[in-house]
Amino acid sequence: MPIKSYLVFPKQGKKALLEASLKDIPSCEIIQAENKDLIILVSETADQGEEDALMQKLSEIESLDHLNLVAGFNDDNLNH
């Protein structure tokens, strides 16, 4: 199960719209950053197919300027 965290940068003046879009995605949780122009996003997906679908959804959000992967963890590797 991949768990990843990202720094998410909204387009100028679009932070509230971006937050609303991210809150609608079930596999994502957003955390308010101290920097007013930044959102922290944590995602948890069940498998690679769900991860690919999440990346597609994120790429379609027009208020998102860019995102940076900060950390990733896949607990499936612990059981092998």
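Tell me the mean residue ellipticity at 222 nm calculated for the chain from its helices only (DSSP H runs of n ≥ 4, each -39500 (n - 2.57), averaged over every residue, nearest 500). Write down the numbers at each step before the final one.
Details: 2 runs with 21 residues, N = 80.
The per-residue figure over the chain is -8000 deg cm²/dmol.
When the Cα positions of Met1, Gly13, Ala33 are compared along the charge dipole of the chain, Gly13 comes out farthest toward the positive end, with charges on each C-beta of Lys, Arg, Asp and Glu.
Quick check: the angle from helix 48-59's long axis to the longest principal axis of the chain, C-alpha only, nearest 10 degrees? Orientation of helix 48-59: about 10 degrees from the principal axis. Only Cα sites of the chain enter the Debye sum here, all with the same form factor; the resulting log10 I(q)/I(0) across q = 0.11, 0.22, 0.24 1/Å is -0.28, -1.00, -1.17, listed in q order.
Label-to-label distance for Lys57 and Ala20 is 1.7 nm, based on points extended 7 Å past Cα in the beta-carbon direction.
Rule-based calculations on the coordinates, nothing more; no lab input. All values derive from a computational prediction rather than experimental measurement. Virtual Cβ from ideal backbone geometry, glycine too; neighbours counted across all protein chains shown.
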